[in-house]
Every structure is written in structure tokens, then in C-alpha cells.
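Structure, as C-alpha cells:
The values are calculated or read from the model by the stated rules, or taken from the named source; none is laboratory data. Worth saying up front: this structure is predicted, and the values here are computed from it rather than measured. Note that each Cβ is placed from the backbone with ideal geometry, even for glycine, and that neighbours are counted across all protein chains shown. Just the protein is used for accessible areas: all its heavy atoms, side chains included, with ligands, DNA and RNA removed. Shrake-Rupley method; radii C 1.70, N 1.55, O 1.52, S 1.80 Å.
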Amino acid sequence: MQPALTQPPPPPPDSAARPLRDCLGRFGTGVSTVTYAEDTGARGITISSFTSVSLDPSLVLISVGRRARACAGLRDAPFVVNVLSADQAPLALHFAGRPQSGLPVPWVDQDGVPRLDGTVAWLRCRPWRAYDGGDHVLFLGEVQDFAFTSGDPLLFQDGSFRRPGPRIAVPPALESA
């Protein structure tokens, strides 16, 4: 059953939601822009809620705010998850609703679905399912094609873009007696 795309109840006042938002912000995450096609052309939305779900079948999940224009645009539409590189913060802002004046958008057609060039990875998906996620809709996509390259991904934590830091040495597991 597809979740309704009606408007959710108004969000709680910012003062009530802010502590939870700050707590959730402690979790660092990758930054992706989901791109898709509409009759008016290529569209995209920056998200930080993207995760793998299954290898067999190959499924990924994206979470899109119910009030976002992309929520309706992604309904039953193929899409590409573009994992942004560390130098693509301007693109992240652009597709997060903060247009960057004069920013060229590096569109590429990927088998009829728009994607962004210069990313560290991309996954072209066909719609699989959509689920109610409160003030978000959870879209599952079946991965049809993908590619990745070396380079640092763009990260987001505590309200700021970041780059990956140095690797952390982890001692080998202690052998059990």
C-alpha cells in the first residue's frame, strides 16, 4: 500500500523539536542528492537519510520530507542516488533549497534518468515500494546500475559539512580462552 502524499500535521514548534534534532545531528552521515525527471526537466533533492537495505534483491532506501516537492516527483519514478564528493558542498546546498548563483549543475543522462557528474558513487534505481514514515515518505529503490570511484565523500555532522578524517586504528580482536 502506497502512503498518502497528503500534508502531515504541522510540525512541533522549533523549540520542542530542536533538542531532538541536535541529538540526531551527533550522528555523522553521508550527503547524497537524489535526482529524477519530471515533465519540466531534471530535478534533485539533497538528503542525508540514505541507506542500503538488501543485496538480494539490491535495495536502497531514501527518506524524503512529505512537504518536499520531490516527494510527489519521486512517486513511482526511477531515481539516482548521487553520493556527493567532499568538494560538492555547493551542489548539496543548491539541491537543499539554497540555490547557488552561477553554479553549473553537471547533469548526465543515465539511461533516461538524470544524475550528477563528479560524485564518488551513484546508484540508478527503479521504484520498489514507498512507506509512511511520519512526516517523511520512505522510498525503496531497486538498484539497476551503479558506479563508484575513489575520493572522499561529503559528510554532515552537527549542522556542518565535513570531510572524512584519518583512519582510526582498531586493535585486533582478543582471542577467547
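Considering T40, T33, T51, which residue is out of contact with any helix residue (DSSP H, G or I) (no Cβ under 6 Å at 6 or more places or on another chain), farther than 17 Å from V113 by Cβ and modelled with pLDDT of 90 or more?
T51
Does P3 meet the test of being at pLDDT below 95, surrounded by 12 or more Cβ atoms within 10 Å (Cβ to Cβ) and over 17 Å from the mean Cα position of the chain (by Cα)?
Considered against the rule, which asks whether it is at pLDDT below 95, surrounded by 12 or more Cβ atoms within 10 Å (Cβ to Cβ) and over 17 Å from the mean Cα position of the chain (by Cα), P3 comes out as yes.
If I ask for residues that are surrounded by fewer than 17 Cβ atoms within 10 Å (Cβ to Cβ) and modelled with pLDDT of 95 or more, which ones from segment 110-126 would you list?
The answer is D117, G118, R126.
Go over the candidates S85, S48 one by one and state the one that is open to solvent by less than 60 Å² (accessible area, probe 1.4 Å), touching a residue at least 60 places away in the same chain (Cβ under 8 Å), within 19 Å of D135 (Cα to Cα) and among the polar types (S, T, N, Q).
S48
Hey, does segment 37-45 have a residue that's farther than 18 Å from Y131 by Cβ, among the polar types (S, T, N, Q), out of contact with any Pro (no Cβ under 9 Å at 6 or more places or on another chain) and crowded, with 17+ Cβ neighbours inside 10 Å?
Looking through segment 37-45, none of the residues is farther than 18 Å from Y131 by Cβ, among the polar types (S, T, N, Q), out of contact with any Pro (no Cβ under 9 Å at 6 or more places or on another chain) and crowded, with 17+ Cβ neighbours inside 10 Å.
Would you please list the contacts, defined by Cβ atoms under 7 Å and residues six or more apart or on different chains, that run from a residue in segment 13-41 that is over 28 Å from L123 (Cα atoms) to a residue that is modelled with pLDDT under 90?
A17/P11
Inspect segment 65-81 for any residue being among the basic types (K, R), under 20 Å from V105 (Cα atoms) and surrounded by fewer than 17 Cβ atoms within 10 Å (Cβ to Cβ) and give the result as yes or no.
Yes, segment 65-81 contains a residue that is among the basic types (K, R), under 20 Å from V105 (Cα atoms) and surrounded by fewer than 17 Cβ atoms within 10 Å (Cβ to Cβ).
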